[in-house]
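Heads up, the thing below is written out as structure tokens.
The values are calculated or read from the model by the stated rules, or taken from the named source; none is laboratory data. In this text the structure is predicted, and so the values were computed from the model without any measurement. FYI the Cβ positions are ideal-geometry reconstructions off the backbone, even for glycines, and counts take in every protein chain you see. Side chains included, ligands, DNA and RNA excluded: accessible areas come from the protein's heavy atoms. Shrake-Rupley method; radii C 1.70, N 1.55, O 1.52, S 1.80 Å.
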Amino acid sequence: MTDQSSPSASYGVHSEVGTLRKVLVCAPGLAHRRLTPSNSDELLFDDVLWVENAQRDHADFVNKMRGRGVDVVELHDLLAETMAMPEAKSWLLDRKIVANEVGVGLIDGTREYLETLEPRQLAEFLIGGLATSDLPEDFRSDYVGLARESTGVREYLMPPLPNTLFTRDTTCWLYGGVTMNPLYWPARHDETLLMKAIYEFHPDFVGSNVWWGDPEQDWGMSTFEGGDILVAGNGVVLMGMSERTSRQAITQVAAAMFARGAAERVVVAGMPKLRAAMHLDTVFTFADRDVVTTYPTIVDGIHAFSLRPSDRSPGLEVTDEAPKTFIDVVAESLGLSDLRVVETGGDVYQSERQQWDSGNNAVAVEPGVVFTYDRNTLTNALLRKAGIEVMTIVGAELGRGRGGGHCMTCPIIRDA
């Protein structure tokens, strides 16, 4: 378990709506300036961003959270502080600057150049990507000619990681521990490696209790993303079995938590493998202890299962909850007679548009107080009618990635 003398000893997320105390975000930056029409699809973005507007809107979101008393930490800052430690920098570059990534003949020059950089500039390149054209002449070898000077993702010495914007996916705190998630898309795998460096070396995170996951291992079919994971409270975790989170990973995480008494039940949401249902939090989120937002087109068809601890191998047992609805199973797991449901607003066309614009991605800062995107006017009106305090942020640019509003924050400390 976590060393109680370490700064990370008090970290943990105990509810989706408990008062948010500390959160990790990642500001738009160099990685998003690297997005082009020719590489955006491979980098999992629907379009290129107007970066300056995205930065402005993200800063507004951060300022509003800080105005509510939330301690907001930023990934570029944490990574720069980590890279200021020689042992941490060596550890990470040993794993990033290898033949499989930069190519034979370019390892020495690339490594030598990165070693000359100040920690903040190194962090910018680790997240934003290092193009062959970024390598100064003194560090270029003849092998650089094999890499086309183009915007293609494969031509980077270190590819850009624009999806770091969605910090919730890469790691997620579940009660008193964290998972280091093997992400579904190869374009995102290196994000978790950056997070491991922070958790291994940054003084604020050393000693954190890791339930499961390691980006240095091959997890095969086991993929796990924080957008599918909701800490419901009452010892319950909701896990979406979706396009990006597999049953292989869900059962391993559940078994690991059960073995250490960290959870009493995992409710699995069996979802269709659709882009519209990429993550559970794109179709279902909590706005208060008994209020949820849903996209009924998907949620009404969820097949629910429950996992509970077992004394017999493999340490858990599964219950098929059919024909009960997912909503009813969640309510029962929390000891509630029912949940108040706010469905995505509008007619069938408006509802689909609102869901696409992250209409169900409500980020709670305390019970009954949420952040949402401003353009989801119909759903926001329904939330307000249900007694929820809604604070809006501009989502025109921030919503272009395939993560979503909820995933822009990784809660580190949240009350029960």
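Values computed for the structure shown
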read-out: Segment TYR143-ARG340, extension gain: residue separation times 0.36 nm, minus the distance between their alpha carbons; value: 64.8 nm
read-out: Å² per residue, accessible surface of the chain at 1.4 Å; value: 39 Å²
read-out: Dipole of region 53-170 [Lys/Arg +1, Asp/Glu -1 at C-beta], most positive-end residue of PHE139, ALA80, THR116; value: ALA80
read-out: Sites SER10 and HIS189 - FRET efficiency at Förster radius 25 Å, r taken between beta-carbons, to 0.05; value: 0.25
read-out: Dipole-positive endmost among VAL266, SER306, ALA254 within region 251-310 (Cβ charges, Cα centre); value: ALA254
read-out: Under the Karplus curve 6.51 cos²θ - 1.76 cosθ + 1.60, θ = phi - 60°, whole-Hz ³J(HN,Hα) for region 62-77, x wherever Gly or Pro sits; value: 4, 4, 5, 5, 4, x, 8, x, 7, 7, 9, 10, 10, 5, 4, 5
read-out: Sum of -39500 (n - 2.57) over DSSP H runs of 4+, divided by residues of the chain (222 nm, nearest 500); value: -8500 deg cm²/dmol
read-out: More than 15 Å apart - percent of Cα-Cα pairs taken over region 150-210; value: 55 percent
read-out: Between region 79-100 and region 275-294, the Cα center-to-center distance that results, in Å; value: 37 Å
read-out: Apportionment of accessible area to carbon and sulfur, region 178-240, percent (1.4 Å); value: 52 percent
read-out: Dimensionless Rg ratio for the chain, taking C-alpha atoms and the 2.2 N^0.38 Å reference; value: 0.97
read-out: Among ASP190, ASP288, ASP328, residue whose mean-square fluctuation peaks in a GNM of the chain (springs only between Cα atoms under 10 Å); value: ASP328
read-out: FRET efficiency estimate (nearest 0.05) - Cβ-Cβ, LYS324 to SER38, R0 60 angstrom; value: 0.80
read-out: Most fluctuating residue given options SER208, SER333, SER310, as computed from a GNM of the chain linking Cα atoms under 10 Å; value: SER310
read-out: Cross-link table LYS273/LYS385; LYS64/LYS273; LYS22/LYS196; LYS22/LYS273; LYS22/LYS324; LYS89/LYS196, entries beyond 24 Å C-alpha to C-alpha; value: LYS273/LYS385; LYS64/LYS273; LYS22/LYS273; LYS22/LYS324
read-out: Length gained when the stretch GLN217-VAL348 is fully extended (0.36 nm per residue, less Cα-Cα span); value: 42.8 nm
read-out: DSSP beta bridge pairing in the chain, given as percent antiparallel to the nearest 5; value: 60 percent
read-out: Choice from GLY176, GLY145, GLY227 with maximal GNM fluctuation in the chain (Cα, 10 Å cutoff); value: GLY145
read-out: VAL98-LEU274 FRET efficiency (beta carbon distance; Förster radius 45 Å; 0.05 resolution); value: 0.80
